[in-house]
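Here is the structure we will look at.
The values are calculated or read from the model by the stated rules, or taken from the named source; none is laboratory data. All of these numbers come straight from a predicted model, not from anything done at the bench. Glycine gets a Cβ as well: all are built from the backbone with ideal geometry, and neighbour counts include every protein chain shown. Note: accessible area is taken over every heavy atom of the protein model, side chains too, but ligands, DNA and RNA are not part of it. Shrake-Rupley method; radii C 1.70, N 1.55, O 1.52, S 1.80 Å.
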Amino acid sequence: MGTPSELACSRCHKVFPANRLLNLCECGAPLLVRYDVAAIRAAWANSDLNASAESSMWRYAPVLPAERSEAVTLGEGWTPLLEVKALGRDLGAPDLWLKDEGRNPTDSFKARGLACAVTMAKKLGVKKLAIPSAGNAASALAAYAAAAGLEAHIFMPNDVPQSNFIECRAFGAHVTLVNGLISDCARIVSERKAQEGWFEVSTLKEPYRIEGKKTMGYEVAEQFAWRLPDAILYPCGGGVGLIGMWKAFAELEELGWISSARPKMIAVQAAGCDPIVRAFEQGAPASEFFQNAHTVASGLRVPKALGDFLVLEAVRASGGTAISISDEEMLDATLLLARREGIFVAPEGGACIAAVTRLLQNGFLKSGERIVIYNTGSGLKYLEAFATRFPRQQVSEQDKLGGLITPR
Ligand SMILES: Cc1ncc(COP(=O)(O)O)c(C=O)c1O
Ligand SMILES: [Zn+2]
């Protein structure tokens with residue numbers, strides 16, 4: 001167990017052997033890991049996930065690509081699924097839950113994917129890793145690379161949140177700030193990687209990040225005693241979390257642990273960068289590059305996702321939808337949650353709260369449904385964005401005199 005049987009192309013279905021260093025298929029599409037689920041099913045039961053099971057995503061090691069003993073881990077996953085009752089009452093959704101991914105190492109769900117990717121890279125002999133990132137993936141790569149003793153080469157937009165920049169530097173990564181978006185960062189990595197000897201761990205260009213992220217799907221199933229909720233709202237940038245959960249549900253059904261019922265998968269994007277929402281509305285199979293992307297939800301500033309067609313497939317197959325939220329709406333929703341529940345989420349999580357509100361109002365979501373919001377990061381990673389709502393009073397010249405702090 002813990003050994004994938006093969007990798008298969010998500011578009012042309014070409015099959016590749018497992019345990020090799022691979023990026024994309026020759027056709028340019030992402031590769032997905034396949035397991036011998038029948039063999040795993042014979043050796044592993046959901047009753048094995050008892051009180052003594054590890055409190056991290058490695059409790060699902062039989063469906064992860066490495067053995068538990070090989071894991072580069074900082075305790076990622078097994079995050080709380082919180083019932084948000086007061087907010088649910090306000091919104092008219094009495095069965096509303098929040099999966100709080102802000103509790104992961106480096107304070108975002110990116111820890112899951114990068115724990116898996118760095119584990120596999122180390123196992124397969126890589127020494128130098130490179131990533132283009134909107135910010136949180138960079139922080140996570142920097143942390144796991146430090147833990148594994150590997151080099152991390154990071155390319156991020158120059159207006160990335162300060163938290164991401166400082167974390168990456170603190171973890172000893174090589175950081176380049178780029179005057180542009182994640183798509184510009186990605187171009188630099190692909191141009192330089194061969195010459196520099198870097199292994200690229202960009203979203204979906206590497207097959208193992210999604211394996212870590214799929215554990216968000218295993219967890220929600222287990223936390224609800226193997227009955228999936230009616231709807232899942234997920235803040236969608238590159239879409240890996242959503243694609244990963246969709247994959248997890250298929251594996252769980254093959255394991256015989258859940259039925260064929262699926263939640264409505266709802267992709268939430270920022271109004272300032274919503275290529276997937278536009279494609280969904282137009283009935284298109286893939287998205288167009290979104291020009292001039294801008295949003296405070298830096299993780300959603302992905303103008304064109306490599307796996308857009310997989311996100312759209314999952315959203316459509318599940319009877320879900322795609323919706324965009326303005327920056328003001330997401331900050332308002334974040335602060336409403338903070339005041340009502342004592343949970344301070346990233347604007348990406350706030351976007352999902354705003355989306356629930358709107359989808360209840362327009363009748364897409366029904367009051368009796370069990371709804372789960374994925375909050376993908378901590379609000380503390382976005383202090384610049386929230387500072388716009390809470391400007392601090394300037395210290396007066398008199399107060400500064402002599403550097404003394406005087407009672408007023
Ligand atoms: C906080 C946060 N939420 C959501 C996303 C989007 O992630 P995904 O690629 O899974 O769509 C990101 C990506 O950077 C992020 O940092
Ligand atoms: Zn292919």
### Summary
The residue that is farthest from ligand 1 (Cβ to nearest atom), considering only those in segment 12-65 that are farther than 25 Å from residue 100 by Cβ, part of a helix (DSSP H, G or I) and aliphatic (A, V, I, L, M), is 42
### Task
May I ask you to list pairs of residues, at least six apart or on different chains, whose Cβ atoms are under 7 Å apart, with the first in segment 325-340 being of a type in the set (Lys, Arg) and the second being crowded, with 20+ Cβ neighbours inside 10 Å and in a helix (DSSP H, G or I)?
340/87
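To keep it simple, each residue is scored yes or no on (1) within 13 Å of residue 207 (Cβ to Cβ); (2) touching an Asp or Glu at 6+ places or on another chain (Cβ under 7 Å); (3) more than 16 Å from ligand 2 (Cβ to nearest atom); (4) among the aromatic types (Phe, Trp, Tyr).
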| residue | (1), (2), (3), (4) |
| --- | --- |
| 12 | no, no, no, no |
| 22 | yes, no, no, no |
| 29 | yes, no, no, no |
| 38 | no, no, yes, no |
| 60 | no, no, yes, yes |
| 69 | no, no, yes, no |
### Query
Any residue at all in segment 204-224 that is open to solvent by 10 Å² or more (accessible area, probe 1.4 Å), closer than 20 Å to residue 8 by Cβ and within 16 Å of ligand 2 (Cβ to nearest atom)?
yes
### Query
Out of 202, 183, which single residue is modelled with pLDDT under 95, more than 30 Å from residue 357 (Cα to Cα), assigned to a helix (DSSP H, G or I) and touching a Pro at 6+ places or on another chain (Cβ under 9 Å)?
183
### Task
State yes or no: is residue 376 hydroxyl-bearing (Ser, Thr, Tyr), crowded, with 24+ Cβ neighbours inside 10 Å and either closer than 23 Å to residue 79 by Cβ or out of contact with any Pro (no Cβ under 6 Å at 6 or more places or on another chain) (or both)?
yes
### Query
Under 6 Å by Cβ, and 6 or more places apart or on different chains, what pairs join a residue from segment 197-211 that is β-branched (Val, Ile, Thr) with one that is open to solvent by less than 10 Å² (accessible area, probe 1.4 Å)?
201/117; 201/129; 201/131; 203/240; 210/240; 210/244
### Task
Kindly indicate whether residue 91 is within 16 Å of ligand 2 (Cβ to nearest atom) and of a type outside the set (Asp, Glu).
no
## Note on the structure
Only unsatisfied item for residue 122, checking (1) under 23 Å from residue 186 (Cα atoms); (2) open to solvent by 10 Å² or more (accessible area, probe 1.4 Å); (3) without any contact (Cβ under 8 Å) to a residue 60 or more places away in the chain; (4) within 16 Å of ligand 1 (Cβ to nearest atom), is (4)
### Message
Taking the conditions exactly as written (within 20 Å of residue 80 (Cα to Cα), in a helix (DSSP H, G or I) and either of a type outside the set (D, E, K, R) or over 20 Å from the mean Cα position of the chain (by Cα) (or both)), does residue 314 satisfy them or not?
### Response
no
### Query
Among the residues of segment 260-305 satisfying the criterion of being closer than 24 Å to residue 158 by Cα and aromatic (Phe, Trp, Tyr), which is most open to solvent (accessible area, probe 1.4 Å)?
289
## Note on the structure
For helices (runs of 4 or more DSSP H) lying entirely in segment 78-168, having 1 or more residues that are within 19 Å of the chain's Cα centre (by Cα), modelled with pLDDT of 95 or more and not hydrophobic (A, V, I, L, M, F, W, C) picks out 110-123, 136-148
### Message
Just to check your reading of the model, which residue among 359, 310, 306, 335 is within 16 Å of ligand 2 (Cβ to nearest atom) and modelled with pLDDT of 95 or more?
### Response
310
### Message
Looking at 247, 264, can you tell me which residue is within 15 Å of ligand 1 (Cβ to nearest atom) and either within 19 Å of the chain's Cα centre (by Cα) or free of Cβ contacts under 8 Å to residues at least 12 places away in the same chain (or both)?
### Response
247
### Task
Tell me which residues, restricted to segment 317-332, are buried (at least 24 other Cβ atoms within 10 Å of the Cβ) and part of a helix (DSSP H, G or I).
330
## Note on the structure
Cβ pairs under 9 Å, 6+ apart or interchain, first in segment 228-241 and at negative phi and without any contact (Cβ under 8 Å) to a residue 40 or more places away in the chain, second open to solvent by 10 Å² or more (accessible area, probe 1.4 Å) and within 6 Å of ligand 1 (Cβ to nearest atom), ordered by first then second residue, are none
## Note on the structure
Among residues of segment 339-396 being polar (S, T, N, Q) and over 19 Å from residue 136 (Cα atoms), the residue farthest from ligand 1 (Cβ to nearest atom) is 396
